[in-house]
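First comes the structure, then the notes that go with it.
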Amino acid sequence: MFVLPSVSCGNDSKGGGSGYMYSLTLLRNPRTLDPQNADDASSLTVIKNMFSGLLETDRKGNISCCNAVSYDVSEDGLEYTFYLREDNYWFYDMNKNDVIEQGEFFPVVAADYAFALKRLLDPEMHSPYAKDFTCIQHGELINNGELALELAGVTAISDYVLKINLDYPCAEFPQLLASPAAYPCNEKFFNATKGRYGLDDESVMSNGAFFMRQWFYDPYGHNNILYMKKNEINENEKYEISPTFLSFDILGSEENIRQQFKEEGTACFTSYNCSGYNPEKYSISSSRAVTLGLVFNPEDKTYSDLNLRKALSLSIDRNALSKQLSSDVSAAYGIIPPAVNLFGRSYRELSSDSQFDVYNVTDAKSYLEKAKFEIGKRSVESTKILVNSAVVNSGALHVISQTWQDTLGIYIGIEDVTNDEFYDRIESGDYSIALYPIKGRTSSGLSFIRAFEETDCLTEYYGGQTCGNDILKCPTAAGLVDAYSDAEREVLAEFGFIPILYKNCYLIADADNEEIYYDAFSGAVDYRRAKNYS
């Protein structure tokens, strides 16, 4: 996560920048506020401000305790024992009077974490995060439906001691436990929602900085809102909660969000694009957290040819391309972008992606001749690259297109489309080549590698390999650098994804505010410590 300036409106009732009501926006209605299921930015923003977990990640990617006071790891790396805080509470405002009263709050205990982690593995739940937690003892067999859920290696030893056993040492495990997927879930409350858990304001309960006051959404109406209030029962000397209220308008497009921000009706917003915002007036912070690369439609008999894909890849001079790029992007050789951190440093500093440079014009021409023979044509017919204009300016591709024309004699144009049209056409197969953005669900390199096992247009040439599981089975933190690099190398060897650009994500805010944290991977924005000094 990355520290970014914040914006707020209201009066400073406490001093020191605290005590504000923040007017904010969400892009579309949260799909669910169930941490074990949510994977869209709107849901994860609310969840981040409403729940908290055993561990958390700081702005440099380091892991620290949150609701765990401390934890031990056995010498063989197979057993984790967590000692929980006794001052973290569930709160549910039963009478809706905004007052924390006896009977409305009770401690978060080890059984709540055990229930949440078992839910993740339940095959009937279809959690998007289940595969990453199959390192838990018997996790893979349980998730495949071959063993009972009760046999998962997660045990509440007492109210404040949790033991987790693994099938194998997993250096990624603390990172996974810092993600929202590992936030606690109270079994009694979950069952009381009768299948509605996380779907409305009556079916969520907070153990974090804010509690849900109101959530109203009418897909055919206006004035859709989600309103949260400070959860004072969970404020302590370590975790000060600065704002008093978070008031979200739920809007249907980024254009609407930008307009509301322009009219100074909201605090801040996130975007792929910061053009038009004066850095002297606004605080514009960026994180290079997206990788864009070429993907090929397997139904296109010409451009699905392996030798043609190799020819296109080997003829891209990324070193020359770098000199023609704006600050918004940089040339990509690998899959995992620079914003992914290990040991407090960018992974790309620890494992330079130039090791994946395959630029070789002579070999590219040789592969092109082989491709022509295989497809039975003397020349390669032209096509266009499908580009999501909401994510990236296609200018860099014009440079590459000209190189292909000069070097290989192939003309490949550019077709810019809207975000909705881009994904509709990817899903329907209406493309030959597309510039596809990969954005991990979490700040881990594992999340980017998992995309090649889970995203249809990325799995086409990947052959169902399991590099992600190889990363999970990496036993040491130091070994993760090599594990990530090996996984990148294995995926790139298929030439089904040709990296082109690393792209910035932005948070745009007024300049007189501090301490909003923006997770550019999940898209979640954390307002727990936000302060305004206007």
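The values are calculated or read from the model by the stated rules, or taken from the named source; none is laboratory data. As the structure is a computational prediction, the values presented were derived from the model and not from experiment. Using ideal geometry, Cβ is built from the backbone for each residue, glycine included, and neighbour counts are taken over all protein chains shown. The area values use the complete protein model at the heavy-atom level, side chains included, leaving out ligands, DNA and RNA. Shrake-Rupley method; radii C 1.70, N 1.55, O 1.52, S 1.80 Å.
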Considering residues of the range 372-385 that are under 37 Å from the mean Cα position of the chain (by Cα) and surrounded by 14 or more Cβ atoms within 10 Å (Cβ to Cβ) only, the residue nearest to Phe296 (Cα to Cα):
Ile385
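Per-residue answers, yes or no, for (1) open to solvent by less than 50 Å² (accessible area, probe 1.4 Å); (2) modelled with pLDDT under 95; (3) part of a loop (DSSP other than H, G, I, E, B); (4) closer than 30 Å to Phe189 by Cα:
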{"residue": "Gln214", "(1), (2), (3), (4)": "no, no, no, yes"}
{"residue": "Pro219", "(1), (2), (3), (4)": "no, yes, yes, yes"}
{"residue": "Glu240", "(1), (2), (3), (4)": "no, yes, yes, yes"}
{"residue": "Ser275", "(1), (2), (3), (4)": "no, yes, yes, no"}
{"residue": "Thr291", "(1), (2), (3), (4)": "yes, no, no, no"}
{"residue": "Ser304", "(1), (2), (3), (4)": "yes, no, yes, no"}
{"residue": "Arg309", "(1), (2), (3), (4)": "yes, no, no, no"}
{"residue": "Ile316", "(1), (2), (3), (4)": "yes, no, yes, no"}
Residues of the range 426-454 classified as modelled with pLDDT of 90 or more, open to solvent by 40 Å² or more (accessible area, probe 1.4 Å) and in a loop (DSSP other than H, G, I, E, B), total:
2
Hits in the range 176-192 (condition: part of a loop (DSSP other than H, G, I, E, B), over 16 Å from Ser43 (Cβ atoms) and more than 15 Å from the chain's Cα centre (by Cα)):
Pro184, Asn186
Look through the range 389-402, keep the residues that are open to solvent by 50 Å² or more (accessible area, probe 1.4 Å) and not in a loop (DSSP other than H, G, I, E, B), and return whichever of them is farthest from Leu314 (Cα to Cα).
His398
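Kindly check whether there is at least one residue in the range 61-84 that is in a helix (DSSP H, G or I) and of a type in the set (Ser, Thr, Tyr). Walk me through how you get there before you give the answer.
The first filter runs over the range 61-84 and keeps only residues in a helix (DSSP H, G or I), leaving none.
There is no residue in the range 61-84 that is in a helix (DSSP H, G or I) and of a type in the set (Ser, Thr, Tyr).
Is it true that Val340 is among the β-branched types (Val, Ile, Thr), open to solvent by less than 40 Å² (accessible area, probe 1.4 Å) and under 22 Å from Phe521 (Cβ atoms)? I'd like the intermediate steps shown before the answer.
Values: among the β-branched types (Val, Ile, Thr): yes; open to solvent by less than 40 Å² (accessible area, probe 1.4 Å): yes; under 22 Å from Phe521 (Cβ atoms): yes.
Yes, satisfied.
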Residue pairs qualifying under the 9 Å Cβ cut-off, at least six apart or on distinct chains, with the first in the range 273-298 being without any contact (Cβ under 8 Å) to a residue 40 or more places away in the chain and the second being basic (Lys, Arg), are Gly276/Arg258
Yes or no: the range 83-101 includes at least one residue that is of a type in the set (Phe, Trp, Tyr), surrounded by fewer than 20 Cβ atoms within 10 Å (Cβ to Cβ), on the phi < 0 side of the Ramachandran plot and out of contact with any strand residue (DSSP E or B) (no Cβ under 8 Å at 6 or more places or on another chain).
no
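Would you mind stating whether Asp363 is acidic (Asp, Glu) and open to solvent by less than 30 Å² (accessible area, probe 1.4 Å)? I'd like the intermediate steps shown before the answer.
Working: acidic (Asp, Glu): yes; open to solvent by less than 30 Å² (accessible area, probe 1.4 Å): no.
Judged against the criteria, Asp363 is not a match.
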